[in-house]
Amino acid sequence: MTQLSVKHLLGIKDLKEEDIRLIFENADNFKTIINRPIKKVPSLRDITVANLFFENSTRTRISFELAQKRLSADVINFASSSSSVSKGETLIDTVKNILSMKVDMVVMRHPSPGAPVFLARHIDATILNAGDGTHEHPTQALLDAYSIREALGEVSGKKVAIVGDILHSRVALSNIYCLQKLGAEVMVCGPSTLIPRHIEQLGVKVEHNLRKALEWCDVANMLRIQLERQDIKYFPTLREYSMQYGLTLDMLDSIGKDITIMHPGPINRGVEITSEVADSDYSIILDQVENGVAIRMACMYLLANHKES
C-alpha cells in the first residue's frame with residue numbers, strides 16, 4: 001500500500017490499519033528529517049494550506065503550522081474571533097471565500113461535531129480534521145499510538161488505560177479507534193459521571209478505580225478535565241477529583257512496574273497529574289509533542305499525494 005485509502009482525514013474510524021501503518025512509516029522518515037540541521041523538504045512546495053481554527057488552540061495549531069513549513073507549503077492562518085464569522089457569516093461561505101484564493105488543503109478545528117464531514121461534502125479541497133467538538137481528533141490519536149510504538153516497540157498486545165474526562169474528550173474516542181485497529185486492549189477510567197453510557201459496546205473495559213487501572217495497564221494516557229465543555233458539575237470539586245484520579249509519583253512507584261505515562265496536553269499540573277510525574281522518567285509527554293510534527297507532516301504529505309482510484 002503506497003497511498004491512503006481516503007481523500008480526507010476526518011476521523012480514525014474511516015482509516016484502515018494499513019493506512020495507519022503507512023502514516024507511521026512516513027512519520028519515521030519525516031522524524032529523521034526534522035532532526036537534521038536543515039529541517040525543510042520541498043514535498044508540499046506547490047500546495048497551499050489554510051488553517052481554519054474556530055476554537056482556541058495553541059499546541060495543535062503551532063504543530064500543524066510547523067509541519068506545513070517543514071514541508072515548504074504556503075500557509076494561510078484563519079482565526080474565527082477576528083473574522084467575518086463573528087459578523088454572522090456561515091461556515092460554507094467562509095470556506096468558499098478562502099477556497100476562491102486557490103487553497104488545496106484545509107486543516108480545521110471546530111466546536112461542532114461533524115463540521116469537517118459536512119465541509120468535505122460541499123467543497124473540493126482536502127479536509128484534515130484538527131478536532132471537532134467532542135467527536136474526533138485523529139492526528140492526536142495517531143501521534144499517541146506512534147509514541148507508544150516508539151517507546152514500547154509495538155502497539156499490538158499492549159494494555160492502554162485512558163484516564164479522566166472520557167465523556168467530553170475527542171482524544172479518547174479517536175484513541176480507542178486507533179489503538180484497537182493496531183491490536184491494543186483499551187480501558188477507560190474515571191468517575192461514573194464522566195464515562196459515556198454504553199461505552200463498553202466499543203469493546204473497551206471500564207474501571208472507576210485508578211489504582212486498579214494502573215495495575216492492569218502498560219500505558220496510562222491521562223486526560224485533563226474539559227471544563228470548557230461542561231454545562232453542569234460532574235463532580236464536587238477539582239480537589240476531590242484530584243484525590244481520586246490525580247496521578248502521583250508515590251502511586252506510580254508503589255505499583256511496582258514500569259508504566260508509560262502520556263498526556264495530550266495542556267496539562268493541569270496538580271489536578272490529573274503532578275509535576276513530579278509529568279517530568280519523571282515514566283513520562284513520554286515531550287516525545288508526544290515532537291512526534292506530533294512528524295505525524296502531521298506524514299498525514300498532509302500523504303493526503304496531498306492521494307489520487308482517486
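Confirm whether Y146 is surrounded by fewer than 24 Cβ atoms within 10 Å (Cβ to Cβ), hydroxyl-bearing (S, T, Y) and modelled with pLDDT of 95 or more.
Values: surrounded by fewer than 24 Cβ atoms within 10 Å (Cβ to Cβ): no; hydroxyl-bearing (S, T, Y): yes; modelled with pLDDT of 95 or more: yes.
Against the criterion (surrounded by fewer than 24 Cβ atoms within 10 Å (Cβ to Cβ), hydroxyl-bearing (S, T, Y) and modelled with pLDDT of 95 or more), Y146 does not qualify.
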In the stretch 270-309, what residues are more than 20 Å from the chain's Cα centre (by Cα) and not in a helix (DSSP H, G or I)?
G270, V271, T274, D279, S280, D281, Y282, N305, H306, K307, E308, S309
Got at least one residue in the stretch 196-215 being more than 20 Å from E150 (Cβ to Cβ), modelled with pLDDT under 95, surrounded by 15 or more Cβ atoms within 10 Å (Cβ to Cβ) and not small (G, A, S)?
yes
Taking E150 as the residue in question, decide whether it is under 18 Å from D218 (Cβ atoms), in contact with a Leu (Cβ under 9 Å, 6 or more places away or on another chain) and acidic (D, E).
no
Could you please give the count of residues in the stretch 271-309 that are free of Cβ contacts under 8 Å to residues at least 24 places away in the same chain and not hydrophobic (A, V, I, L, M, F, W, C)?
5
From the list T139, T134, T90, which one is under 15 Å from the mean Cα position of the chain (by Cα) and modelled with pLDDT under 95?
T134
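Within the stretch 156-165, which residues are buried (at least 24 other Cβ atoms within 10 Å of the Cβ) and modelled with pLDDT of 95 or more?
So in the stretch 156-165, the residues buried (at least 24 other Cβ atoms within 10 Å of the Cβ) come out as 160-165.
V160, A161, I162, V163 - these are the residues of the stretch 156-165 that are buried (at least 24 other Cβ atoms within 10 Å of the Cβ) and modelled with pLDDT of 95 or more.
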Residue selected from the stretch 113-146 under the condition of a type in the set (A, V, I, L, M, F, W, C) and out of contact with any Phe, Trp or Tyr (no Cβ under 9 Å at 6 or more places or on another chain), by the criterion farthest from K7 (Cα to Cα):
L143
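Of all the helices (runs of 4 or more DSSP H) wholly in the stretch 14-131, which have at least 2 residues that are charged (D, E, K, R) and not assigned by TED's automatic domain parsing to the domain that holds I176? Lay out the reasoning, then the answer.
Values: elements: 17-34, 59-70, 91-99, 115-122.
Per the criteria, 17-34, 59-70, 91-99.
Answer with yes or no whether N129 is within 17 Å of I12 (Cα to Cα) and either at pLDDT below 95 or touching a Gly at 6+ places or on another chain (Cβ under 9 Å) (or both). Give the derivation first.
Working: within 17 Å of I12 (Cα to Cα): yes; either at pLDDT below 95 or touching a Gly at 6+ places or on another chain (Cβ under 9 Å) (or both): yes.
Yes, satisfied.
Let me confirm something: among A115, A27, which residue is closer than 30 Å to K181 by Cα, crowded, with 17+ Cβ neighbours inside 10 Å, in contact (Cβ under 8 Å) with a residue 12 or more places away in the chain and in contact with a Gly (Cβ under 8 Å, 6 or more places away or on another chain)? Quick ask: steps written out before the conclusion?
Details: A27 fails: in contact with a Gly (Cβ under 8 Å, 6 or more places away or on another chain).
Being closer than 30 Å to K181 by Cα, crowded, with 17+ Cβ neighbours inside 10 Å, in contact (Cβ under 8 Å) with a residue 12 or more places away in the chain and in contact with a Gly (Cβ under 8 Å, 6 or more places away or on another chain) holds for just one of A115, A27, which is A115.
The values are calculated or read from the model by the stated rules, or taken from the named source; none is laboratory data. Predicted model only: the values in this text are computed from it and were never measured. Note: ideal-geometry Cβ built from the backbone for every residue, glycine included; neighbour counts use all protein chains shown.
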